[in-house]
Amino acid sequence: MATAEVEVLKNVDLLGPPQKQIHLGADFDKSEDPTVSEVPFDPVALKDRYIAERDRRLKHGGGINQYRLVEEKGQFAHYLTDPWVEPGFKRDPVKEEVDVVVVGGGYGAQLVAVRLLEKGVRNVRLIEKAGDFGGTWYWNRYPGAQCDIESYIYMPLLEELGYMPTEKYARAKELLKHSEMIGKKYGLYERTLFQTEVGKLRWNEDSAMWSVETSRGDDIKARFVVPSAGPLHRPKLPGVKGIEDFKGHSFHSSRWDYGYTGGDVKADSINSGELRGLSDKRVAVIGTGATAVQIVPNAAKYAKELYVFQRTPSSIDVRANRPTDSEWAEKLQKGWQMERMDNFNIIVNGGMLPEDLVKDGWTDILHKLLGRNAVQDSDPAKAAAERQMADFEKMNEVRARCDEVVKNKETAESLKPWYNQLCKRPCFHDEYLQAFNQPNVHLVDTEGVGIDRITEKGIVANGKEFELDCIIYATGFELATDWTHRSNIEVYGRDGQTLTDCWKNGARTLHGWTTRGFPNCFWVSIVRAALTPNFIHVTGEQAKHLAYVISECMARNVRTCEPTNEAEQGWIDTILSLIKLRAEFLKECTPGYYNNEGTPSASAAQSAAYGGGSPAFLKILEDWRAKGDFEGLDVTHFEETS
Ligand code: NDP
C-alpha cells in the first residue's frame, strides 16, 4: 500500500471515530451549527436518548463480573466439553522435540503452520483441544451459523485451494469443510494432536527450549511456541440467581445440542436440518447479539413457543446473501483474493478507493461513517460532527427498518437500537426481524435490565415468570478476562515468571506478538493487533510475519528472541496514546465487549488493539520485515561449532 494512503488512514479506527465526538448536550443550539441545522431529526434529542439508554443499562451492572464464568470444575464444566467428538478418546503420550509448536487449530493456527511450511520450517506440531480443525466454526455449529464477512475475503487460501465458496456469506458447514481442505492440502492433519489441551508452557533458559504440558501427558519440547487461541471461544453465562436450579434442558450456543433439538450440522439442509425436537417445546434464547440474531429465525421455525430475552437490541441491517456467480468467479485473475481483502480493509477503515469490490453492508456503513469528508478534513471537531451526523442517519435507517418489517408496533419499537452504530458489532440479517411476525415468537424486552433470575421452571424477567422447557444461552464469550483464563494456558517465562503476573496491569508486547521475558513465544492475536471486521485478514498477515521471524531466527542461528524493554514500552505508549482518542467514543456507548462491558480500565486500555487502523498496522509489520534488522528485538545466538 502506498505510504500516502497509510498517512490518510493513520488516525482512523475501525471501531469508532478517534477524534473527540461532537457533544450535543443540553446547551447545544442547533440553529448555530450549519452541520446540524438542516437535518430532518433532532440530533440533540437523539444524543440525549443514547446517553439515557446507556445509563439505564449501566445501572444494572457492567463489567465482566455481571457474568458467570465457566470453570473447568463445577456445575457448569459441561459447557466446556466437546459435543462433536465420540467420548473416550485415548492415545499414548507423545515424546518429541520440534522446531515449532502452534497451539490451536482455527484458521489462525492453520495459517501460521502453512506459512511456516512455505518458508521451509517443516518440523511443526499443532496442538488443538477440539476434535478437528475449524476453531470458531468447530464450536459454533448452531443452526444458522454463518460468517458475517463476505466468504471470498474471509475464507483464507481460496486461490491456493482452487476453491470458490458457494455463497457470498458461507455457512458453518462450508467453513468447516474448508478448514478440513486446508488441513488436507498442507498435510496439517498428520502434524496435529487433536483432543489435546495445552495447560502449561515453560521456558527453559539452559536448553533455550519450551516445554509443552498437555492434558494427555505428552513430553514435547519446542524451540518456538505460537499460542493461537482465538478470542471468542470460552462461553460465559449470565450471572443471575438460580441458574443452577433450572430443571429443564439448557445449553450454550457454542455447544448446540442437536440431540435435543433435532437437526444436524452435517445434514444437507442449509440451516442445519430440521429442529423437530423443538416442536412441542417452550424455548428461550437469552441474548440478542450476533449469535442470537442467527439462531432466532431457525429456532422460530420449529419451536412451539420461542421467547427471546433482550437486554439491548442489536443493529440489524440488510444481508442480501446470494449464491456465487460462476461467470464472475471464472473471470477472476491470479491474486484476486489478496486484492479484494485489501480493498475491503481500506474502505472499512475510511480510505477512498475508485471501486468497492465487496460492496456490502460493512463497506456501506463504514464508508458512510468514516469515509465522508471526515478523514480529509483538517478540522477534527468538524470531522467528528459530520461523522456523528452520518451515524445518526445510518441508525435512523436501521430503526426505520424495524418499523418496515415488524408488524406489531410495540415490538418494532423494542427492537430499535439507541446507540452509535459502532458501539457493538453491527448485525446483518434478512430473517431475524421478520421472525417476530410469527405468532409463536415473543420478544421479552427487559429494557436494559436483563433477566431477573432463573428458577426450576424457567426465567423471571420484568417481574414475570416464563415457564420453559429449554434455555439457550446466547450470552457470548469471555473477552474481558485475562488471556490465561480465556485460553486456560499458563505461560512460564524466564525465571518462572507467569504471563498472568506479567500482564496483570495489561498486555505487554511489541507489535502485539512478542513479550519481554518470554523468548521465542510469539502470539497470534487479533485482540492485540488491529481490529478490523475481517479478523482473518489481519490474522493471516500475522501468520506471514511470524513465519518470517521464525524462519529468519533459524537461518540466523538465533537462540533467543524477545523485545527490548524500550521497544516494548514504546509500543505500549503508542497503544495508550491512540486508545485515548477512541476512549471518548466508547465512553458514550452502551456496554458490550468493545468497551470492556462498559467499564473502561487502565489494564483494558493497555490490552487494546492498535488504534491507528489495520491498514496502518499491517504497514508497520511489513516495513519492519522489509528492514530485516529485527529492530527492537533483543537477540542472542547459539555458539558456532567449528
Ligand atoms: P455477545 O457478547 O455479542 O452477546 C451476548 C448477548 O447476551 C447480548 O445481547 C447481551 O446483552 C446478552 N446478555 C448477557 N447477559 C444477559 C442477561 N443477564 N439478560 C439478558 N441478556 C443478556 O455474544 P454473541 O455470541 O452474540 O457474539 C459474540 C461475537 O461473536 C460477535 O460480536 C461476533 O464478533 C462473533 N460472531 C461472529 C459471527 C460471524 O458471522 N462472523 C456470528 C456470530 C457471532 P447486552 O447487549 O445488553 O450486553
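The values are calculated or read from the model by the stated rules, or taken from the named source; none is laboratory data. Predicted, not measured: the structure shown is a model, and the values here were computed from it. Every residue, glycine among them, receives a Cβ derived from its backbone with ideal geometry; neighbour counts consider all protein chains shown. Keep in mind that these areas ignore ligands, DNA and RNA; they rest on the heavy atoms of the full protein, side chains included. Shrake-Rupley method; radii C 1.70, N 1.55, O 1.52, S 1.80 Å.
Every condition in (1) open to solvent by 20 Å² or more (accessible area, probe 1.4 Å); (2) assigned to a loop (DSSP other than H, G, I, E, B) is met by Ser314 except one, and the failing one is (1).
Considering the range 143-252, the qualifying helices (runs of 4 or more DSSP H), each wholly inside and each with 2 or more residues that are open to solvent by 30 Å² or more (accessible area, probe 1.4 Å), run over 158-161, 172-185. For the range 195-202, the criterion of a residue being of a type outside the set (A, V, I, L, M), closer than 23 Å to Glu562 by Cβ and more than 24 Å from the chain's Cα centre (by Cα) is satisfied by at least one position.
Arg311 meets the conditions (1) more than 27 Å from the chain's Cα centre (by Cα); (2) within 11 Å of the ligand (Cβ to nearest atom) in every case but one. The failed one is (1).
In the range 527-558, what residues are part of a loop (DSSP other than H, G, I, E, B) and either open to solvent by 10 Å² or more (accessible area, probe 1.4 Å) or out of contact with any helix residue (DSSP H, G or I) (no Cβ under 8 Å at 6 or more places or on another chain) (or both)? Matches in the range 527-558: Val527, Arg528, Leu531, Arg556, Asn557.
Selection of the range 285-302 for residues being within 6 Å of the ligand (Cβ to nearest atom) and either at pLDDT below 95 or among the small types (Gly, Ala, Ser) (or both) yields Gly287, Gly289, Ala290, Ala292.
Candidates in the range 412-445 are the residues that are in a strand (DSSP E or B) and within 15 Å of the ligand (Cβ to nearest atom); of these, the one that is surrounded by the fewest Cβ atoms within 10 Å (Cβ to Cβ) is His442. Hey, among Pro93, Pro83, which residue is at pLDDT 95 or above, of a type outside the set (S, T, N, Q) and open to solvent by 40 Å² or more (accessible area, probe 1.4 Å)? Answer to the check: Pro93.
In the range 157-177, which residues are at negative phi and more than 14 Å from the ligand (Cβ to nearest atom)?
Let us first name the residues in the range 157-177 that are at negative phi, namely 158-161, 163-177.
Leu158, Glu159, Glu160, Leu161, Tyr163, Met164, Thr166, Lys177 - these are the residues of the range 157-177 that are at negative phi and more than 14 Å from the ligand (Cβ to nearest atom).
Would you say Glu128 is at negative phi, under 29 Å from the mean Cα position of the chain (by Cα) and either surrounded by fewer than 20 Cβ atoms within 10 Å (Cβ to Cβ) or not assigned by TED's automatic domain parsing to the domain that holds Leu193 (or both)? Here the answer is no, as Glu128 does not meet what is asked. Put simply, of Arg115, Arg68 the only residue that is touching a Leu at 6+ places or on another chain (Cβ under 8 Å), farther than 26 Å from Ile472 by Cβ and of a type in the set (D, E, K, R) is Arg115.
Give Lys368, Lys382, Lys409, Lys394 a once-over and let me know the one that is more than 24 Å from Val44 (Cβ to Cβ) and away from the ligand (no atom under 15 Å from the Cβ). Walk me through it before giving the result.
Details: Lys368 fails: more than 24 Å from Val44 (Cβ to Cβ); Lys382 fails: more than 24 Å from Val44 (Cβ to Cβ); Lys394 fails: more than 24 Å from Val44 (Cβ to Cβ).
The match here is Lys409.
Answer yes or no as to whether Trp523 is at pLDDT 95 or above and closer than 29 Å to Glu213 by Cα. Even if it seems obvious, please write down each step before you answer.
On the way: at pLDDT 95 or above: yes; closer than 29 Å to Glu213 by Cα: yes.
Here the answer is yes, as Trp523 does meet what is asked.
Within the range 599-637, the residues that satisfy the criterion of being part of a loop (DSSP other than H, G, I, E, B) and at pLDDT 95 or above are Gly628, Asp629, Phe630, Glu631, Gly632.
Name the residues in the range 473-519 that are of a type in the set (S, T, N, Q) and either outside the structural domain of Val549 (by TED's automatic domain parsing) or part of a loop (DSSP other than H, G, I, E, B) (or both), would you?
Initial filter on the range 473-519 (of a type in the set (S, T, N, Q)): 475, 481, 484, 487-488, 497-498, 500, 505, 509, 514-515.
If the condition is that a residue be of a type in the set (S, T, N, Q) and either outside the structural domain of Val549 (by TED's automatic domain parsing) or part of a loop (DSSP other than H, G, I, E, B) (or both), then Thr475, Thr481, Asn488, Gln497, Asn505, Thr509, Thr515 are the ones that fit.
Just one of the listed residues (Lys394, Lys359) is surrounded by fewer than 19 Cβ atoms within 10 Å (Cβ to Cβ), within 16 Å of Pro533 (Cβ to Cβ) and not aliphatic (A, V, I, L, M), and it is Lys359. Identify all residues within the range 446-466 that are touching a Gly at 6+ places or on another chain (Cβ under 9 Å) and assigned to a loop (DSSP other than H, G, I, E, B); write none if there are none. Matches in the range 446-466: Gly450, Asp452, Thr455, Glu456, Lys457.
Within the range 446-478, being more than 10 Å from the ligand (Cβ to nearest atom) and acidic (Asp, Glu) holds for Glu447, Glu456, Glu465, Glu467, Asp469.
Run down Glu150, Glu180, Glu213 and say which single residue is of a type in the set (Asp, Glu), modelled with pLDDT of 95 or more, in contact with a Lys or Arg (Cβ under 6 Å, 6 or more places away or on another chain) and within 29 Å of Glu72 (Cβ to Cβ). Steps first, please.
Values: Glu150 fails: within 29 Å of Glu72 (Cβ to Cβ); Glu180 fails: in contact with a Lys or Arg (Cβ under 6 Å, 6 or more places away or on another chain).
The unique qualifying residue is Glu213.
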